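The values are calculated or read from the model by the stated rules, or taken from the named source; none is laboratory data. Keep in mind the model is a prediction, meaning the values are calculated, not measured. Glycine gets a Cβ as well: all are built from the backbone with ideal geometry, and neighbour counts include every protein chain shown. Note: areas computed on protein heavy atoms with side chains; ligands, DNA, RNA excluded. Shrake-Rupley method; radii C 1.70, N 1.55, O 1.52, S 1.80 Å.
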Amino acid sequence: GSFDYIRWQVPSFAGAGFSAQAHVSGDIDGIYGGSPETYVRDMQFKCMMTVLMVMSGWAPNPDKQPWTWGEPYASINRQYLELKARLFPYHYTLSRTAFDTGMPPIRAMALEFPEDPVLRTNSTGSAEQFMSGPALLVAPVYHSVSDSPVRNDIYLPTGTWVDFWNGTVYQGPTSLQNYDAPLEKLPMLVRAGSIIPSYPVMQYPGEKPAAELVLDVYPSGNTGFRVYEDDGVTRKAVEGKEYSWTQVTVTAEKNAMGGQGDVEVLVGAAEGSFAGMVTSRSYNLQVHLAHSPCNVTVGGKPAAQRRSRAELDFAQEGWYHDKADR
């Protein structure tokens, strides 16, 4: 494992999608060598891919496990593994899309933005970052924090982009310089208009029933996302068509995140069925806005504003605006 190992994998993985290779990855921190920092940086960006490969027998010194290097590295690795677990419905949907259409989950920038001339040339912005599906731009860090605590040359194509971690809004096309990238932070930006489904944190698949679906909504124009689910165990989804799709549609003004106009989120009934499918489900809508909404309605009826997130968690319905969470 080394920082060069990380750097040269990024264009390899993104480029594999042009050959319709849907699922690509590499050994976390390589088979031999490595360090606490290269392990974390490699783990971070691979948690945003559909396949994760942790080595545990070919490298006895040290064994390549997320906890091998102790703290603070183990906690950072846990943070990203839990993020990957939460994003399971997003990545699983991308996997089904790849099966049906050939469109890979891990996409070169030029594949997602084919009209952008900047992405047709070899540069840091075209080769050293990628799209995890249509929503998430990932810019891996491939140097030591001791060499530089920032990531440079993160290219944002035309449109509005939102920092995944702090909600800062950027307008593309532009290249971000001096993006703050301490060891615990993987540079990631969300494309405006995105709808990202996730589950509550689980330590392993199926630990809890998927009775709650979290939908992170970054409203901008009229957009949609279909969430795919199946039994997660058998091949009945591909051999017997036992699966379901749930359509989520957002109608909003282009500048809705800046406070312009109404935002309407429609969650359709699940289409299809499979063994073990939940019969009822709650939806946790996290709509990313710069300002508190004037009012919220659910099914045409006013929803109660709650005083805190904790109060909302114990209520049947309602809404709460967290100024610190964008």
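Things to note:
- Taken together, 253, 271 contain a single residue that is touching a Gly at 6+ places or on another chain (Cβ under 6 Å), touching a residue at least 24 places away in the same chain (Cβ under 8 Å) and among the charged types (D, E, K, R), which is 253.
- Within the range 1-15, being in contact with a Phe, Trp or Tyr (Cβ under 6 Å, 6 or more places away or on another chain) and either farther than 16 Å from residue 109 by Cα or open to solvent by 50 Å² or more (accessible area, probe 1.4 Å) (or both) holds for 3, 6, 7.
- Looking across the range 217-258, the residues that are more than 23 Å from residue 313 (Cα to Cα), buried (at least 21 other Cβ atoms within 10 Å of the Cβ) and of a type in the set (Phe, Trp, Tyr) come down to 225, 228.
- Counting residues in the range 311-323 that are modelled with pLDDT under 90, acidic (Asp, Glu) and open to solvent by less than 60 Å² (accessible area, probe 1.4 Å) gives one or more.
- Condition broken by residue 261, with the remaining ones in (1) closer than 25 Å to residue 168 by Cα; (2) open to solvent by 40 Å² or more (accessible area, probe 1.4 Å); (3) touching a residue at least 60 places away in the same chain (Cβ under 8 Å) satisfied: (3)
- Residue list for the range 33-52, filter: outside any loop (DSSP other than H, G, I, E, B), farther than 19 Å from residue 105 by Cα and not charged (D, E, K, R): 36, 38, 39, 40
- Filtered by the rule that a residue be outside any loop (DSSP other than H, G, I, E, B) and in contact with a strand residue (DSSP E or B) (Cβ under 6 Å, 6 or more places away or on another chain), the range 275-303 gives 282, 283, 284, 285, 286, 287.
The rows are residues; the columns are (1) surrounded by fewer than 19 Cβ atoms within 10 Å (Cβ to Cβ); (2) not in a strand (DSSP E or B).
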position: 156; (1), (2): no, no
position: 165; (1), (2): yes, yes
position: 171; (1), (2): yes, no
position: 201; (1), (2): yes, yes
position: 206; (1), (2): yes, yes
position: 209; (1), (2): yes, yes
position: 215; (1), (2): no, no
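- Any hit, the range 16-32, residues being assigned to a helix (DSSP H, G or I), open to solvent by less than 30 Å² (accessible area, probe 1.4 Å) and closer than 24 Å to residue 94 by Cβ: yes
- Scanning the range 77-99 for residues that are of a type in the set (Val, Ile, Thr) and surrounded by 19 or more Cβ atoms within 10 Å (Cβ to Cβ) yields a count of 1.
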